Amino acid sequence: MATAPPDASRPVIIVGSGLAGLAAAHEAAKAGATVHMLERGPKPGGNSIKASSGINGAGTQFQRASGILNDTSDLFRNDTIRSAGFRFQTRKEAATGNDIDRESLVDTLTKSSASAIHWLADEIGVDLTVVAALGGHSVARTHRGAGKTPPGAAIVTGLLQKLEQRPEFKLHTSARVTQIHVDGEGRVRGVRYVQKSEGGREGQQPRRENQEEEPKEEQVDLYGPVIFTAGGFAGDAHGQLARYRPDLAGLPSTNEARPGPHGLMAGVGAELIDMDSVQVHPTGFVDPSDANSPYKILAAEMLRGEGGILLSPQGRRFVNELERRDVISEAIMGLPQPATEQGIKQWDVTLLLDPGAIDATAGHLGFYTFKGLVEKKKVKDLDPAVIETVDRYAELVASGRDDDEFGRRTFGHWRLVPGEANREEEVCVGRVTPVVHFTMGGVAFDNKARVLRRASDGGALVPVSGLWAAGEVTGGLHGDNRLGGSSLLECVVFGRVAGREAAEAAK
């Protein structure tokens, strides 16, 4: 506990610089608050800047422009609940000590989705004109831009540019939060963080020639309402991930190795929920030059949404490529697995895109090709079993029905025709495998983005005064499985709410 300065001098403190934090910062600054953003890495953006498929929105102007007229927030809500699985219950779950209001969270997410898209497009200036279908969605509702910049990078960059124009906004990189300050009544009053800076440590002897100067660390106390947007724990392979999901040991991940912030928040009473609910994404690229690396670049779901198909080691389709992520991951892991090397468990599945899908995903494929993750081949040079599968699938697309195979309802931009006429056409192929991608569990929160704790009498969940959260650090919204495109959406929706709420508290 520490003595805080008068309320009038307190800024809004945001821990984490991904999309949730940036959305919160924008709204807090717009409301007149001074904002201090603390990012433990050397650069802002978090995992959000790597997001590649897009952001969901139901009933948007861009859907209507694309001829998608039948989407509503209710339809989006139903898809989200269906994907969330058994963890989603509309009644209180007091019998299990798990009484978070999931229905309210999902309602807030889906009913705010169109306004989130319009805010990004109209106020921030992000191009979101392209709409695609992802797995588990009833209609196409995942938005991205028409250019080469992936949606996560486009959104993060746009928000950073807006925030840099605001004198109220201060970004501190290489700033690691080590403590949350609370007062005698359990109210959060601020944080302590360690700031790395250049210049060496005090009292050191002058450097010798060619001797590198070590960065020094400065301990700083900062007081004000706190918003945590520091992400999940999918990269914490030997910490929280090993504790809550030891069965996932050995799977590669799309997340860099770093601890999650959940223990720090639990230390001030925050309730943790659904911590064993971890999403395995079905498609992370296996880099031919470093096949056994534990870190994988995500093969964006939109590659399948725009027409890509998945093939077994025998060259056959084995699943509806637009099923939910958990369903496809289970189907892949039901295939024979190559021998585990260097402790890494992965499978040998091929992602194949035809010329139509290649054109529709050109911006992404340029990056994947540069990284050596995909290559182009003429159809005639594929294995005979793969050629047979391509012809069969082209026939299904031409007929508009996949009923006899796996029930895929939309085929993206696939245009390859069956038979000898396609043999000189080029397709794009890459090896993919399931990867630990996202943690649905985290701190309990409500539709005002307030972090929740258990009441002192052990009863209901109540807000932790002075503490908000948004993004992957939270739990309870996605249940067993998150829909693709909803991670960026939850960052915008609940990040904006948290920014407004914390700015009001700062006043």
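The values are calculated or read from the model by the stated rules, or taken from the named source; none is laboratory data. Keep in mind the model is a prediction, meaning the values are calculated, not measured. When we count neighbours, we look across all protein chains shown, and the Cβ atoms used for this are built from the backbone with ideal geometry, even at glycine.
Quick look at the values:
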| read-out | value |
| --- | --- |
| Output for the stretch 177-193, where each listed residue is of a type in the set (D, E, K, R), assigned to a strand (DSSP E or B) and surrounded by fewer than 19 Cβ atoms within 10 Å (Cβ to Cβ) | ARG192 |
| Any chance VAL156 is of a type in the set (Val, Ile, Thr) and not in a loop (DSSP other than H, G, I, E, B) | yes |
| Set VAL492, VAL473, VAL427, VAL497: member being over 28 Å from ALA121 (Cα atoms) and buried (at least 18 other Cβ atoms within 10 Å of the Cβ) | VAL427 |
| Any hit, the stretch 226-245, residues being farther than 28 Å from ALA503 by Cβ, charged (D, E, K, R), outside the structural domain of GLN342 (by TED's automatic domain parsing) and more than 17 Å from the chain's Cα centre (by Cα) | yes |
| Tally of residues being surrounded by fewer than 17 Cβ atoms within 10 Å (Cβ to Cβ) and part of a loop (DSSP other than H, G, I, E, B) across the stretch 55-86 | 5 |
| Pairs with Cβ under 7 Å, 6+ apart, first in the stretch 322-334 and under 20 Å from PHE411 (Cα atoms), second part of a helix (DSSP H, G or I) | LEU322/ARG304; LEU322/GLY305; ARG324/SER83 |
| Residue in the stretch 1-31 that is farthest from GLU501 (Cα to Cα), counting only those that are modelled with pLDDT under 95 and small (Gly, Ala, Ser) | ALA2 |
| Members of the stretch 118-153 that are assigned to a helix (DSSP H, G or I), surrounded by fewer than 20 Cβ atoms within 10 Å (Cβ to Cβ) and among the small types (Gly, Ala, Ser) | ALA153 |
| Some residue of the stretch 463-477 being among the aromatic types (Phe, Trp, Tyr), closer than 30 Å to ARG189 by Cβ and either touching an Asp or Glu at 6+ places or on another chain (Cβ under 7 Å) or not assigned by TED's automatic domain parsing to the domain that holds ARG87 (or both) | yes |
| ASP480, sole failed condition from (1) touching a strand residue (DSSP E or B) at 6+ places or on another chain (Cβ under 8 Å); (2) not assigned by TED's automatic domain parsing to the domain that holds ALA331 | (1) |
| Every pair of residues 6+ apart whose Cβ atoms lie under 6 Å, when the first sits in the stretch 48-66 and is closer than 17 Å to PRO150 by Cβ while the second is among the small types (Gly, Ala, Ser) and surrounded by fewer than 18 Cβ atoms within 10 Å (Cβ to Cβ) | ILE49/ALA153 |
| Residue list for the stretch 316-330, filter: among the aliphatic types (A, V, I, L, M) and either buried (at least 20 other Cβ atoms within 10 Å of the Cβ) or at positive phi (or both) | VAL319, LEU322, ILE328 |
| Condition met for PRO282 (at negative phi, in a strand (DSSP E or B) and either modelled with pLDDT of 95 or more or in contact with a Cys (Cβ under 9 Å, 6 or more places away or on another chain) (or both)) | yes |
| Residue pairs meeting the criteria (Cβ under 6 Å; at least 6 apart or on separate chains; first farther than 18 Å from LEU19 by Cα, in the stretch 104-117; second in a helix (DSSP H, G or I) and β-branched (Val, Ile, Thr)) | VAL106/THR80 |
| Flag if ALA455 is touching a strand residue (DSSP E or B) at 6+ places or on another chain (Cβ under 6 Å), modelled with pLDDT under 95 and small (Gly, Ala, Ser) | yes |
| Top-ranked residue in the stretch 344-384 [being loosely packed, with under 14 Cβ neighbours inside 10 Å and of a type in the set (A, V, I, L, M, F, W, C); ranked as nearest to ARG316 (Cα to Cα)] | ALA362 |
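Yes/no matrix, rows are residues, columns are (1) more than 24 Å from GLY186 (Cβ to Cβ); (2) buried (at least 17 other Cβ atoms within 10 Å of the Cβ); (3) under 18 Å from the mean Cα position of the chain (by Cα):
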{"site": "ALA257", "(1), (2), (3)": "yes, no, yes"}
{"site": "GLY260", "(1), (2), (3)": "no, yes, yes"}
{"site": "GLY263", "(1), (2), (3)": "no, no, no"}
{"site": "GLU271", "(1), (2), (3)": "no, yes, no"}
{"site": "GLY284", "(1), (2), (3)": "yes, yes, yes"}
{"site": "TYR295", "(1), (2), (3)": "yes, no, yes"}
{"site": "LEU298", "(1), (2), (3)": "yes, yes, yes"}
{"site": "MET302", "(1), (2), (3)": "yes, yes, yes"}
